[in-house]
Amino acid sequence: MAHAVKELFPDTRLAIGPAIPDGFYYDFDSGHAFTQEDLPRIEEKMKEIIKANKPFIKKELPKEEAARFFRERGEEYKVQLINEIADETVSLYEEDNFIDLCRGPHLESTGKVRAFKLLSVAGAYWRGDEKNKMLQRIYGVSFPTKDELKKHLEFLEEVRKRDHRRLGRELDLFSMNDDIGPGLVLWHPRGAAVRRSIENFWLDEHYRAGYQVLYTPHMAKLDLWKKTGHVDFYKENMYSPMEIEGLEYEIKPMNCPFHVSVFKSHLRSYRDLPLRFAELGTVYRYERSGVLHGLLRVRGFTQDDAHIFCMEDQIEDEVLRVLEFTLFILKTFGFSDYDIYLSTRPEKYVGTDAAWKKATGALENALSQKGLKYEIDPGEGVFYGPKIDIKVRDTLGRQWQCSTIQVDFNIPERLDITYRGADSKDYRPIMIHRALMGSLERFFGILIEHYAGAFPLWLSPVHISILTISERHVEYCRRIYDFLIAEGVRVDTDEENEKIGYKIRKAAVLKTPYMCIIGDKEMENNTVNIRKRNGENIGEMTVEKLAAFLKDGISGRRQS
């Protein structure tokens, strides 16, 4: 692709072009503004290069010589890349009259490339730093066969249809407004109704699981974040401090220090442990504008956060409880396929080797007891302890990071929390961080794409829509509406002077699970006619039976 771009736009300078898990891209610095209309032209030139079947020839050069080679050709981005390579020599690959910096390996020749497609054009800062120049990125995919490419393009089309940003607009669930600020979510009434269902379920189940629910402030003195180590380890993701009455404050990127403060508000005994605090706590993190992505990457979000304070010999039991709780929560939302990773000690860490070994062993034992398959992710633990990550797979088989369980040796030490043991001595508790959904915003975005906006009944913004056939049915419609609302059902009505077919289509577009159609027959019989969003007719029933039917489906959290 880079060769083709250079052929068509000779003044273009090449930046970087790696393979990525779902294809490849190349970043270009060009005076020509690439658009989707340019992609077919670039593809045609690529086909010419493939047809020529030129061999890929590897060359190894000393770094200085390679840097001089690219500098003479005006390829300054390549020179920067070469200077960052630790080795004394670098490899270049050449085919026909095109040469590029590359570690390799390559196919034997350009003719070995089979099915490919250029997908899109985007902007990207050089080296991902917004202080650097904005480059132009072209994305593409390549497969050994046309059939594999066709299947992948069909998959991408399905992904496009399920894009939560598009469905969020169409279903009137949420929006973001530049006047308010990028990465800050406005929950519309329909989206807020879904969120309320999620929160109510979350709260009910946490009380049942022995958690105590907290509410904490949105900011704290900067000194607190210095004590926890966030200013040292996390500063780039925090906003600038603000001054209030001569003191510096910081809006919170995490909830944990507040939960520790509640723990410290009383003298704690070993009899109090484990102590489980939970909060739907809104936090704020600085994400660069280039990585913001709908609900999946935002700057203000609500974590379903919890912190468990326990003794060392309670870690394994608590992790086992959290695992069972997590899988129950995920299954209720329709996720039964997932991958589990155990992340071990990184190069930079706090705590003793013995503590790390014990905590990691406790996580391993809990996973084994539960009979869960997992992969070791070496060195990917957080600096304060090992962790378990659970990544769900959606309807399309895509992997999403949601749940995490992290053991923390750092904050109890830094904030000096203790409990009184049976021997009347003070001991340091272990702190377990855990989030089941991650953030409500991100989880909501995943749910939208998982269900393509057609939420199960209990999560749907509206459970049932009442549709009148004519104006004379409006009064009866309103009586049904009042009855169902009083029964705790989310209802809307369509009393417009439109044909019933149009009203049915409108409710189907909004993916309302059920439609209640009101006509002369229903008025005479004091009944309602029920239709599902997939077109299936359930038939007539009394309003009382309808309410019981809906309430049973909502309380049972059925998936269909």
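The values are calculated or read from the model by the stated rules, or taken from the named source; none is laboratory data. From a predicted model like this one, the values you see are computed outputs, not experimental measurements. Because the Cβ atoms are built from the backbone with ideal geometry, glycine has one as well, and the counts that use them run over all protein chains shown.
Which condition does G385 not pass, out of (1) on the phi > 0 side of the Ramachandran plot; (2) modelled with pLDDT of 95 or more, if it passes all the others?
Of everything listed in (1) on the phi > 0 side of the Ramachandran plot; (2) modelled with pLDDT of 95 or more, G385 misses just condition (2).
Any residue in region 229-244 that's closer than 12 Å to Y284 by Cβ: show its pairings with residues that are surrounded by 15 or more Cβ atoms within 10 Å (Cβ to Cβ) and among the basic types (K, R) at Cβ separation under 8 Å, as long as the two are six or more apart or on different chains.
N237/R285; M238/R285
Residues S261, S269, S289, S265: which one is among the hydroxyl-bearing types (S, T, Y), modelled with pLDDT under 95 and either in the same structural domain as Y125 (by TED's automatic domain parsing) or at negative phi (or both)? Reasoning before the result, please.
Values: S261 fails: modelled with pLDDT under 95; S269 fails: modelled with pLDDT under 95; S265 fails: modelled with pLDDT under 95.
None of the other options fit; the residue is S289.
Taking interchain pairs and intrachain pairs at least six residues apart, which have beta carbon atoms under 7 angstrom, with the first residue in region 80-107 and of a type in the set (K, R) and the second part of a strand (DSSP E or B)?
Sorted first by the residue in region 80-107, then by its partner, the pairs are R103/S91.
G501 versus (1) closer than 29 Å to F444 by Cα; (2) without any contact (Cβ under 8 Å) to a residue 40 or more places away in the chain: which is the lone unmet condition?
(1)
For every residue, the table says whether it meets (1) buried (at least 19 other Cβ atoms within 10 Å of the Cβ); (2) of a type in the set (G, A, S); (3) in the same structural domain as A209 (by TED's automatic domain parsing).
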{"residue": "I432", "(1), (2), (3)": "yes, no, yes"}
{"residue": "M437", "(1), (2), (3)": "yes, no, yes"}
{"residue": "R442", "(1), (2), (3)": "yes, no, yes"}
{"residue": "L447", "(1), (2), (3)": "yes, no, yes"}
{"residue": "P461", "(1), (2), (3)": "yes, no, no"}
{"residue": "E495", "(1), (2), (3)": "no, no, no"}
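Being of a type in the set (A, V, I, L, M, F, W, C) and either touching a Cys at 6+ places or on another chain (Cβ under 6 Å) or not in a helix (DSSP H, G or I) (or both) narrows it down to one of I180, I198, so name that one.
Numbers: I198 fails: either touching a Cys at 6+ places or on another chain (Cβ under 6 Å) or not in a helix (DSSP H, G or I) (or both).
Every option except I180 fails the conditions.
For region 115-143, how many residues meet the condition of being of a type outside the set (A, V, I, L, M, F, W, C), in contact with a strand residue (DSSP E or B) (Cβ under 7 Å, 6 or more places away or on another chain) and free of Cβ contacts under 8 Å to residues at least 60 places away in the same chain?
Of the residues in region 115-143, 1 are of a type outside the set (A, V, I, L, M, F, W, C), in contact with a strand residue (DSSP E or B) (Cβ under 7 Å, 6 or more places away or on another chain) and free of Cβ contacts under 8 Å to residues at least 60 places away in the same chain.
Among the numbered criteria (1) in a helix (DSSP H, G or I); (2) within 28 Å of P253 (Cβ to Cβ); (3) touching a Lys or Arg at 6+ places or on another chain (Cβ under 8 Å), which single criterion is violated by F309?
Result: F309 passes all but (1).
Restricting to region 225-256, and then to whatever is assigned to a strand (DSSP E or B) and surrounded by 11 or more Cβ atoms within 10 Å (Cβ to Cβ), can you tell me which residue is nearest to the chain's Cα centre (by Cα)?
Going through region 225-256, the residues assigned to a strand (DSSP E or B) turn out to be 242-244, 247-251.
Retained after the next criterion (residues that are surrounded by 11 or more Cβ atoms within 10 Å (Cβ to Cβ)): 242, 247-251.
Numbers: M242: 29, L247: 35, E248: 32, Y249: 29, E250: 25, I251: 22 Å.
Among them, the one singled out is I251.
For region 291-312, check the following and say yes or no: at least one residue is closer than 30 Å to Q369 by Cα, charged (D, E, K, R) and surrounded by fewer than 21 Cβ atoms within 10 Å (Cβ to Cβ).
Here is the first cut: in region 291-312, the residues closer than 30 Å to Q369 by Cα are 303-312.
The next check asks that each one be charged (D, E, K, R); those that pass are 304-305, 312.
Among the residues that remain, those that are also surrounded by fewer than 21 Cβ atoms within 10 Å (Cβ to Cβ) are: 312.
Yes, the conditions are met somewhere in region 291-312.
This table checks each residue for (1) at pLDDT below 90; (2) surrounded by fewer than 17 Cβ atoms within 10 Å (Cβ to Cβ); (3) of a type in the set (K, R).
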{"residue": "T326", "(1), (2), (3)": "no, no, no"}
{"residue": "V350", "(1), (2), (3)": "yes, no, no"}
{"residue": "D353", "(1), (2), (3)": "yes, yes, no"}
{"residue": "T395", "(1), (2), (3)": "no, yes, no"}
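Farther than 29 Å from R398 by Cα and in a helix (DSSP H, G or I): which single residue out of H259, H266 fits that description? Reasoning before the result, please.
Details: H266 fails: in a helix (DSSP H, G or I).
Just one listed residue meets the conditions, H259.
Where in region 13-122 are the strands (runs of 3 or more DSSP E), entirely inside, with at least 3 residues that are surrounded by fewer than 15 Cβ atoms within 10 Å (Cβ to Cβ)? First the steps, then the outcome.
Working: elements: 23-29, 57-62, 89-95, 98-101.
In region 13-122, 57-62 are the strands (runs of 3 or more DSSP E) which contain 3 or more residues that are surrounded by fewer than 15 Cβ atoms within 10 Å (Cβ to Cβ).
Consider I308 carefully, then state whether it is within 28 Å of P412 (Cα to Cα) and out of contact with any helix residue (DSSP H, G or I) (no Cβ under 7 Å at 6 or more places or on another chain).
Taking the combined requirement at face value, the residue does not satisfy it.
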